[in-house]
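After the structure tokens below, expect a handful of questions from me.
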Amino acid sequence: MAHSDDSPAVQITSLNKWYGAFHVLQEVNLTIPSGSRVVICGPSGSGKSTLIRCLNGLEAYQQGTVTLGTVPLGDNARETALARRQTGMVFQSFNLFPHLTVLSNCTLALRRVLSMPRKEAESLARHFLEKVRIPEQADKYPAQLSGGQQQRVAIARALCMNPRLMLFDEPTSALDPEMVKEVLDVMTGLAHEGMTMICVTHEMGFAREVADQVVFMDQGSIVEQASPMTFFTTPSHPRAQSFLNTLLH
Amino acid sequence: MAHSDDSPAVQITSLNKWYGAFHVLQEVNLTIPSGSRVVICGPSGSGKSTLIRCLNGLEAYQQGTVTLGTVPLGDNARETALARRQTGMVFQSFNLFPHLTVLSNCTLALRRVLSMPRKEAESLARHFLEKVRIPEQADKYPAQLSGGQQQRVAIARALCMNPRLMLFDEPTSALDPEMVKEVLDVMTGLAHEGMTMICVTHEMGFAREVADQVVFMDQGSIVEQASPMTFFTTPSHPRAQSFLNTLLH
Amino acid sequence: MTILEIWLGILQGFRVTALVTLYGLVFAIPFGLIFGVAQYLTTGPARFVVTSIIEFWRSSAVIILLFVFYYALPLAGLALSAMTVSAMVLGLNIGGYASQAVRAGLQALDRGQKEAGHALGLSRSTILLRIELPQALVAMSPTFINQLIQLVKATSLVSLVTLTDMTFRAKEISQIEYDPVPIYSSLLLAYFIVCYPVALFGRWVERRINPAREARCAV
Amino acid sequence: ETTKERILREGKIVIGIHNRTPWGFRDEATGEAKGWHPDLLRAAFAELGVKEIDIRVTEFGALIPGLLAGRFDAVASGLSITPERCRQVAFGAPDLKVHDAAIVLTGNPKQIHGFDDIVSKKIIMGAGRGSVSVRNATIAGVPESNMLLFPDIEANISALRSGRIDVTVLSSPTVIGLLASGKLKGLESATPFVTTDEQATYAAVAFRSEDQDLRALWDERLLALTKDGTVTKVMARYGFGETEVVPDTVTVEKLCGTAGAGK
Amino acid sequence: MQFDVAFALSTVPTILGAIGMTLLVAAVSCVGASAVGFGLEVVRRSGGLGGLFVRFLIDFIRATPVLVWLYCLYFILPFYGIRLGALATGIIGLSLYYSGYLAEVFKAGIDAIPNGQGEAARALGLGRIDMTIFVIAPQMLRNIAAPMGNYFVSILKATPYLAVLAVPEMLGRAFDIASETYRYAEPLTVAGLIFLGLALLISLAIKRLEVRLMGPTTR
Ligand SMILES: Nc1ncnc2c1ncn2[C@@H]1O[C@H](COP(=O)(O)OP(=O)(O)OP(=O)(O)O)[C@@H](O)[C@H]1O
Ligand SMILES: Nc1ncnc2c1ncn2[C@@H]1O[C@H](COP(=O)(O)OP(=O)(O)OP(=O)(O)O)[C@@H](O)[C@H]1O
Ligand SMILES: [Mg+2]
Ligand SMILES: [Mg+2]
């Protein structure tokens, strides 16, 4: 599944974004090599969601460049569409389509965007449902599943589009403690297969186990970027230190 | 603030409850001495919320007795009202009244239930707002507060009624990680003052630090009841062992 | 007749239009509140009775109700004035719609609100009056304003029971002038002038209640 | 106390009208009742001390129900006598003969001079819903598909103006009143518009069946007014002439048929 | 005015004879109003000058009575060279008038869809049209089945207004019988009951549809 080539998966240069007068992203620079796993953490409102939403065109930004692989994102509609197709996104609140079955949730984009024939789309979808370990739920509706199962459907749905990069925005924070583990297990599996992924999460166990890099944001800036080892043992920024304190009380 | 007398704060005997054919609470027996702190944990759907909701009359039950102090709960409306007045409850989703200011949230029951004059009610409310460390928010509306602040208002609101017993149903699970700490700090303060409390939570740090007893529920029954020390180090029931595993991965 | 005279002529009916609307509200507001709350609180046979009364007023054709109450009830010994009949029939018809908004507003409230009230030891009536109704009524206020507009427009039927409202004045004038263009254009404008400010007020209330809505929607 | 006694005691009678020239309408300037029947009523009752004529304006269809419901004491709005209506109300003596008349565009471009023309030239005709003209047209052979039935006269006139119909057939007093008002620019009455005596109807004031004493009083006064020439004066006021005079042989009893008058 | 059951029954065939016309007008107007209303809502959402105009248009429609609209369309438009048949005028009038209300319904239905649905669709690379058809519209339909049904019933109850255009529908037939026989209670009651029955049928159908739409998607 991994797409390795020489250019970094993501290259963010001098990214700035404002909501009105509010400077939500300030001079963000970040390079994410293909196949690496980055965990973004930081206090609430620090701009984590905004940053990863900029990576697949869900948010527009005012300054800076974002390059996915070799494609620079533009205001250009075709390029944005392409970037989205190459980027899978998993939301905190799952955002499954409630009126479609699990299988249809997975095949919708395959059929409408890639114009894949029905048979082929379904067999691909079933393949990924198996990967997230819920092949038997294919014909149910989202409301009939537990939260953990729903989030795994969301992951399968994103994987179906064969993305070069997976974005996760607090994928486990809406889940019951036991279900968190189901979902983290699936994500760990993906990480071990070499999928490039960027994950906003406060699950520090996950960060420790799978991340190559931990990025710490505060008030719209990246204030610390380090290997998990360094970050957890010797965080250099005082804000990161106090944050880790509250997390690991 | 603590009410210590000789009878236990709560005495639950052979409690059974059904939702239709579904046996949600099965022969629950539990004695909670005055001034003790009990943490209830267990997998989702095991009946934790249902149990503590039975303690203040939010749920009716079919068999068994619940005695609060010396008052046995009945189907009787007066007794239910009395039980509610003696029991404070804090919900996962805060349930503040959005159309009232923080101060009015706290004084409403004082004035309507205890017929306290306005002045007196407000000074009492301000006292408890100070205790939860947000006296300056008294005139705001709930929507203008962060989640952690909202939950602290909910705690102050419950404390105003001078309850013998405080019930908490996952009070921190809807909060951001940093806000969790604010709320747990307030709760720990209450515990150290000797307030009798029953708390459904998966915050094992909190359980370790303040609980006298940990109650583990599964499928409607209490399957393990032990001191935190014993529970965390040598859980006897296999279900509790696997549950602790997923929590502390 | 000049346009101005037509205008003034139509305006002579404004008093009746306004009075029927106001008296109609005297029926509509209590009916909507009481029956909306009753439908929310009751179950079983009681709820069936409440629902039937609401549906009778809401689903029947207003013209027929006006006719029956004004021209048939006196034969049974009950002679209400034209104004009373109009206000009652139109008011209860709109009240029937309003009761549905009240009920829906109450049902849409988060269950936790009621539970928090119970947990504080508040009585059911205090919970209803202090917690549920204030929130439900505020949330539904744009709907109520729309229903007020419906009431104003429905007063155009009261000529059936001998009241001279704006629409009837327009008809009277057209029976003399036989010149529909200025008369009906003026009538259209007359209703617009009365109702449009109310509609704008409704929009304003809607925005105040849910300022985030426009920004939040999916498309 | 009967209705008659009450009227004489209070010096006030309440009449129902449907606001139609020349039958019974509210005068825009004074707000008082005017028209054929209100004028007659005023003249008839004035000498008895009944000075006040209170009006209730309503839809045509609500006139008889309103009378029956006690909302007014008499219908004074050009109601024609028909056997069906006789079963519901007590008519006074017929006071005006009514034919069908027609209004067309100026110059009568389609040369319409009777129901026969309407049938043979397949003309789209307008009329008042439920009016006697509709019945006459149907009997004369005008197919239903060629008739548009409007709820009121303005709609007929508007339809004629906007070209939706070629002719509207209304009662002759209505047409006379309309043309006299001078508001029908671009329209004129179709002259002649041939009708037969069988198609004629007769207008009268209607009372409740139980108010026979009131009706008798009215009949008595109407006779007196005919004798002293008041009726002729009022007819002239609205442009009615010889053709509108009721022949002596026509009585309520005959018009009501076997059912009998106002029983 | 006694109620004569035998006479009432004798009026049933005549009144029912017009049920086809009533249903035709109502059905076509429902479809028309929904289509136009959806169009209006799409334009309103797209913003700009068109959106602003549509916003005003919708409030204008809501501030004026339907009867006056029908009058204007039927009697005034011909003066400007637009001559539509009575049936067409009626259907167009009802469609335009109720499209204003349905646009509001669609607005609420779309607003109620969580923001995340649109974002998820965009994140999957779905285009705007695909998203509207496959993600937004089905969920909107689920949200609005009930209020939309209410307006369909309103449209049905508004068909008698077409009497001013000489369209032969049921209530007009009932009034025909009434003015011929001067018995009002019976034909009006019969017409009222038929309307009530049709209204209940529509409500029932909408309830079923709602249950089907909601069925598997709610816990
Ligand atoms: N549409 C918007 N308009 C104005 N401000 C916004 C908007 N969306 C987000 N913000 C603000 O931008 C800041 C960053 O938001 P963002 O959601 O990226 O934070 P976050 O780090 O993801 O926080 P959390 O952990 O709570 O999800 C916040 O202060 C937020 O209030
Ligand atoms: N009103 C109800 N009708 C039927 N079943 C119900 C109802 N409320 C709860 N249940 C069921 O009762 C069981 C216990 O619910 P409860 O809310 O007490 O669980 P819990 O232990 O609090 O779980 P969680 O950790 O998810 O809050 C669940 O299986 C739930 O589905
Ligand atoms: Mg976020
Ligand atoms: Mg729970």
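Determine which member of the set A:Ala9, A:Ala21 is among the aliphatic types (A, V, I, L, M) and either without any contact (Cβ under 8 Å) to a residue 60 or more places away in the chain or within 16 Å of ligand 4 (Cβ to nearest atom) (or both).
Matching residue, one of A:Ala9, A:Ala21: A:Ala21.
Regarding A:Val132, is this residue away from chain E (no Cβ under 14 Å), within 30 Å of B:Thr201 (Cα to Cα), in contact with a helix residue (DSSP H, G or I) (Cβ under 7 Å, 6 or more places away or on another chain) and away from ligand 2 (no atom under 16 Å from the Cβ)?
Considered against the rule, which asks whether it is away from chain E (no Cβ under 14 Å), within 30 Å of B:Thr201 (Cα to Cα), in contact with a helix residue (DSSP H, G or I) (Cβ under 7 Å, 6 or more places away or on another chain) and away from ligand 2 (no atom under 16 Å from the Cβ), A:Val132 comes out as yes.
Let me ask something else. Out of (1) modelled with pLDDT under 85; (2) over 18 Å from D:His99 (Cβ atoms); (3) surrounded by 13 or more Cβ atoms within 10 Å (Cβ to Cβ), the odd one out for D:Arg208 is which?
Checking D:Arg208 against (1) modelled with pLDDT under 85; (2) over 18 Å from D:His99 (Cβ atoms); (3) surrounded by 13 or more Cβ atoms within 10 Å (Cβ to Cβ), the one that fails is (1).
Anything in the range D:113-142 that is touching a strand residue (DSSP E or B) at 6+ places or on another chain (Cβ under 6 Å) and in a strand (DSSP E or B)? List them, or say none.
D:Gly114, D:Met125, D:Gly126, D:Ala127
Which condition does D:Ala62 not pass, out of (1) crowded, with 19+ Cβ neighbours inside 10 Å; (2) assigned to a strand (DSSP E or B), if it passes all the others?
(2)
Now for a separate question. With D:Glu84, D:Glu32 as the choices, which residue is at negative phi, in contact with a Phe, Trp or Tyr (Cβ under 8 Å, 6 or more places away or on another chain) and surrounded by fewer than 20 Cβ atoms within 10 Å (Cβ to Cβ)?
D:Glu84
Here's a follow-up. On the given criteria, is A:Ala143 in a helix (DSSP H, G or I), modelled with pLDDT under 95 and facing chain E (nearest Cβ under 9 Å)?
Yes, satisfied.
Those residues that are free of Cβ contacts under 8 Å to residues at least 24 places away in the same chain and in a loop (DSSP other than H, G, I, E, B), I need them from the range D:192-209; list them, please.
Matches in the range D:192-209: D:Thr196 only.
Something else about it: For the structure I just gave you, tell me whether A:Ser44 is of a type outside the set (A, V, I, L, M, F, W, C), away from ligand 1 (no atom under 16 Å from the Cβ) and out of contact with any Lys or Arg (no Cβ under 8 Å at 6 or more places or on another chain).
no
Could you check how many residues of the range E:29-60 are of a type in the set (A, V, I, L, M, F, W, C) and within 10 Å of chain C (Cβ to nearest Cβ)?
So the answer is 4.
Only residues that are among the acidic types (Asp, Glu) and modelled with pLDDT of 85 or more: list them for the range C:149-189, please.
Residue satisfying the conditions is C:Asp165 alone.
Continuing with the same structure: Any residue at all in the range E:162-180 that's part of a helix (DSSP H, G or I) and within 14 Å of the chain's Cα centre (by Cα)?
yes
Among C:Arg103, C:Arg124, which is the only one that is under 17 Å from the mean Cα position of the chain (by Cα), among the charged types (D, E, K, R) and either under 23 Å from B:Gln86 (Cβ atoms) or buried (at least 20 other Cβ atoms within 10 Å of the Cβ) (or both)?
C:Arg103
For the range E:134-147, how many residues meet the condition of being in contact with a Lys or Arg (Cβ under 9 Å, 6 or more places away or on another chain) and within 12 Å of chain C (Cβ to nearest Cβ)?
So the count comes out to 1.
A follow-up question, please. Among the residues that make up the range A:170-177, is at least one of them over 19 Å from E:Leu126 (Cβ atoms), within 16 Å of ligand 1 (Cβ to nearest atom) and acidic (Asp, Glu)?
yes
Of D:Lys110, D:Lys97, which residue is outside any helix (DSSP H, G or I), more than 20 Å from the chain's Cα centre (by Cα) and more than 12 Å from chain E (Cβ to nearest Cβ)?
Being outside any helix (DSSP H, G or I), more than 20 Å from the chain's Cα centre (by Cα) and more than 12 Å from chain E (Cβ to nearest Cβ) holds for just one of D:Lys110, D:Lys97, which is D:Lys110.
Taking the range A:76-97, which residues are part of a loop (DSSP other than H, G, I, E, B) and either surrounded by 21 or more Cβ atoms within 10 Å (Cβ to Cβ) or of a type in the set (A, V, I, L, M, F, W, C) (or both)?
A:Phe91, A:Phe94, A:Asn95, A:Leu96, A:Phe97
Quick one: which of A:Val183, A:Val215 is under 27 Å from E:Leu126 (Cβ atoms) and under 18 Å from the mean Cα position of the chain (by Cα)?
Exactly one residue qualifies, and that residue is A:Val183.
With respect to the numbered conditions (1) surrounded by 19 or more Cβ atoms within 10 Å (Cβ to Cβ); (2) closer than 26 Å to E:Arg183 by Cα, which one is the sole condition not fulfilled by D:Ala102?
Tallying (1) surrounded by 19 or more Cβ atoms within 10 Å (Cβ to Cβ); (2) closer than 26 Å to E:Arg183 by Cα, D:Ala102 fails exactly one: (2).
Matching residues to (1) free of Cβ contacts under 8 Å to residues at least 12 places away in the same chain; (2) among the hydrophobic types (A, V, I, L, M, F, W, C); (3) away from ligand 3 (no atom under 16 Å from the Cβ):
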residue: A:Arg164; (1), (2), (3): no, no, yes
residue: A:Glu178; (1), (2), (3): no, no, yes
residue: A:Gly189; (1), (2), (3): no, no, yes
residue: A:Asp218; (1), (2), (3): no, no, no
residue: A:Ala226; (1), (2), (3): no, yes, yes
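Quick test for you: out of B:Arg152, B:Arg157, B:Arg133, pick the one residue that is away from ligand 4 (no atom under 16 Å from the Cβ) and touching a residue at least 60 places away in the same chain (Cβ under 8 Å).
B:Arg157
Now for a separate question. Here are E:Leu96, E:Leu141: which of them is surrounded by fewer than 20 Cβ atoms within 10 Å (Cβ to Cβ) and within 17 Å of the chain's Cα centre (by Cα)?
E:Leu141
Right, here's the next one. For the range A:73-100, which positions are over 19 Å from A:Gln144 (Cα atoms), more than 16 Å from ligand 1 (Cβ to nearest atom) and under 19 Å from the mean Cα position of the chain (by Cα)?
Matches in the range A:73-100: A:Leu73, A:Thr80, A:Ala81, A:Leu82, A:Ala83, A:Arg84, A:Arg85, A:Gln86, A:Thr87, A:Gly88.
Filter the range C:103-157 down to the residues that are within 13 Å of chain B (Cβ to nearest Cβ), under 22 Å from C:Leu25 (Cα atoms) and of a type in the set (A, V, I, L, M, F, W, C) and list them by number.
C:Leu129, C:Leu133, C:Ala136, C:Leu137, C:Val138, C:Ala139 - these are the residues of the range C:103-157 that are within 13 Å of chain B (Cβ to nearest Cβ), under 22 Å from C:Leu25 (Cα atoms) and of a type in the set (A, V, I, L, M, F, W, C).
Could you tell me whether B:Arg112 is more than 16 Å from ligand 2 (Cβ to nearest atom) and surrounded by 21 or more Cβ atoms within 10 Å (Cβ to Cβ)?
Answer is no for this residue.
For the range A:146-167, what are the residues that are part of a strand (DSSP E or B) and either within 15 Å of ligand 2 (Cβ to nearest atom) or touching a helix residue (DSSP H, G or I) at 6+ places or on another chain (Cβ under 7 Å) (or both)?
Within the range A:146-167, A:Met166, A:Leu167 qualify.
Of the residues A:Thr101, A:Thr87, which single one is under 18 Å from E:Val135 (Cβ atoms) and more than 16 Å from ligand 3 (Cβ to nearest atom)?
Selected residue: A:Thr101, the only one of A:Thr101, A:Thr87 that is under 18 Å from E:Val135 (Cβ atoms) and more than 16 Å from ligand 3 (Cβ to nearest atom).
Might you check whether a residue that is away from ligand 2 (no atom under 16 Å from the Cβ), under 30 Å from B:Ala174 (Cβ atoms), in contact (Cβ under 8 Å) with a residue 40 or more places away in the chain and within 9 Å of another protein chain (Cβ to nearest Cβ) occurs anywhere in the range A:57-77?
no
The values are calculated or read from the model by the stated rules, or taken from the named source; none is laboratory data. Since the model is a prediction, treat every value here as computed from it, not as a measurement. As a convention, Cβ positions derive from the backbone with ideal geometry for all residues, glycine included, and neighbour counts pool all protein chains shown.
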